[in-house]
1. Applying the selection to the range A:177-194, what residues are closer than 23 Å to residue B:269 by Cα and at the interface with chain B (Cβ under 7 Å from one of its Cβ atoms)?
2. Which ones in the range A:205-251 are surrounded by 21 or more Cβ atoms within 10 Å (Cβ to Cβ), part of a loop (DSSP other than H, G, I, E, B) and in contact (Cβ under 8 Å) with a residue 40 or more places away in the chain?
3. Return the only residue of A:76, A:24, A:33 being modelled with pLDDT of 95 or more, at positive phi and in contact with a helix residue (DSSP H, G or I) (Cβ under 9 Å, 6 or more places away or on another chain).
4. Applying the selection to the range B:49-65, what residues are over 15 Å from residue B:140 (Cα atoms) and part of a loop (DSSP other than H, G, I, E, B)?
5. Report yes if residue A:158 is closer than 30 Å to residue A:124 by Cα and in contact with a strand residue (DSSP E or B) (Cβ under 9 Å, 6 or more places away or on another chain), otherwise no.
6. For residue A:197, all conditions in the list (1) facing another protein chain (nearest Cβ under 7 Å); (2) crowded, with 18+ Cβ neighbours inside 10 Å hold save one; what is the number of the exception?
7. Yes or no: residue B:276 over 24 Å from the mean Cα position of the chain (by Cα) and either in contact (Cβ under 8 Å) with a residue 40 or more places away in the chain or more than 8 Å from every other protein chain (Cβ to nearest Cβ) (or both)?
8. Residue by residue through the range B:36-48, note down the ones that are within 23 Å of the chain's Cα centre (by Cα) and either surrounded by fewer than 21 Cβ atoms within 10 Å (Cβ to Cβ) or outside any loop (DSSP other than H, G, I, E, B) (or both).
């Protein structure tokens, strides 16, 4: 992993030379459109539906917005801001419309399968993942400043065009994100541990409170007594189901591996309760208390 | 379960007739002292250490504060605001200092063992649990208004003195808490599901992110990429280790039962990922999304 302090050779291309294209104007694409225009760039966007195009024009998410892939002609950098499933299985018309000389990047939360496919499809593809979000989605969701201070992770490999990588780094710098580089496999394992697997851990908690409450004939009571601790712990488990499923599907191996680590830890804690090893349990919880600030 | 709408016979005692005693001036005891004085009551407090007494006097947590149990003489209602372990194994001097005619209540987060012991020790004991808190503890932690709008659960049984119960209800009303009554066993199972078990679920997540990061040689990366979702899900697991251990210890059977429910749900979700049953997984996560608002 290298961070923004690393030195890159000066890019042959500068971000402002040609328009930037965005494919998809949801939360990420729309927010990017707002920030890039605020940074003085010309932004052209491709969307799927004409109703989306109309609303996106009203919101001024880009200067040119169309449902025709030809809108991307002339762009020097194109950001594929698509959901993971569409990114991994894009329409043929989209792939054909991407200029061969343009730099292509994506914003998907899983990197290894994206890198494998797109590197075969386009010579100047750079796999990247801006780690920013809100609970919102769709053409109304984009906001200014979404990426500021948040990690923007690129996962180049030996085949990645270094000039293309430098151009994506310029993009991340323009929206004030914190640039990081790491191997795609490390990225996918890390996000499985801190994002994709925790969705399932949190979802199981909601289900357990529901089922356990029923079993104890206390379904109403558990709901009434649940407080801020439960609200926090259950937040991501109660989030967008399509997104949670896509993450598990597209990062399946890393999620299963993360669940394996999780199950092991939980079983150890359960055994300490079962065996009434209270000082050992307190030591483990003390370790957790000391660990957490590292993750904030 | 009955709620504050239920009718009680008018109490023979009114809350303001005699001073209220508080044993322990930590977060709960101190906050109670502030609110009761603001409500016009005379409050007397017993604390363990003279340094605590001194600081509590400076903070005006009660009108009379002493390390001598005799300070409780003349009180009509005494609130035992002690940690669970000291509540279950109180000093003999404290038990002997409690006037037989006073109503005694507690604030412990586990009710069945407290009720069993204290009912045998004092004829006017009422088991109760004000469900309010902050991350703070100790004599500096008490704040005004801590209980407003929060549940105050009482767990009376057939042996509970109904006049005593009504007096504790007056106390809860004075601090603007939401009064609830339910059997002690139901309370303990409910709090195991929504509070005590989730501590372990959340702690295991911190440990898994740490261990899994090490195993993937990505220990620094997982820390760097962890965002608000991980912060929320790990919050209670990184909380006070003594408190987490006490809850597991004093509510062991209910916590083990809750962990059983939890493990079952998580194993089912893991199996769906393992077997690539994506539409079933999305259905389960949709159920979680629909379930969560009931717990807020």
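1. A:189, A:190, A:191, A:193, A:194
2. Residue satisfying the conditions is A:251 alone.
3. A:24
4. Selection gives B:63 alone.
5. On the way: closer than 30 Å to residue A:124 by Cα: yes; in contact with a strand residue (DSSP E or B) (Cβ under 9 Å, 6 or more places away or on another chain): no.
It is false that residue A:158 is closer than 30 Å to residue A:124 by Cα and in contact with a strand residue (DSSP E or B) (Cβ under 9 Å, 6 or more places away or on another chain).
6. The single condition residue A:197 does not satisfy is (1).
7. Details: over 24 Å from the mean Cα position of the chain (by Cα): yes; either in contact (Cβ under 8 Å) with a residue 40 or more places away in the chain or more than 8 Å from every other protein chain (Cβ to nearest Cβ) (or both): no.
So residue B:276 fails the test.
8. Here is the first cut: in the range B:36-48, the residues within 23 Å of the chain's Cα centre (by Cα) are B:36-39, B:43-48.
Matches in the range B:36-48: B:36, B:37, B:38, B:39, B:43, B:44, B:45, B:46, B:48.
The values are calculated or read from the model by the stated rules, or taken from the named source; none is laboratory data. Just so it is clear, the model here is predicted, and its values are computed rather than measured. Neighbour counts are summed over all protein chains in view; Cβ atoms, including those assigned to glycine, are modelled from backbone coordinates with ideal geometry.
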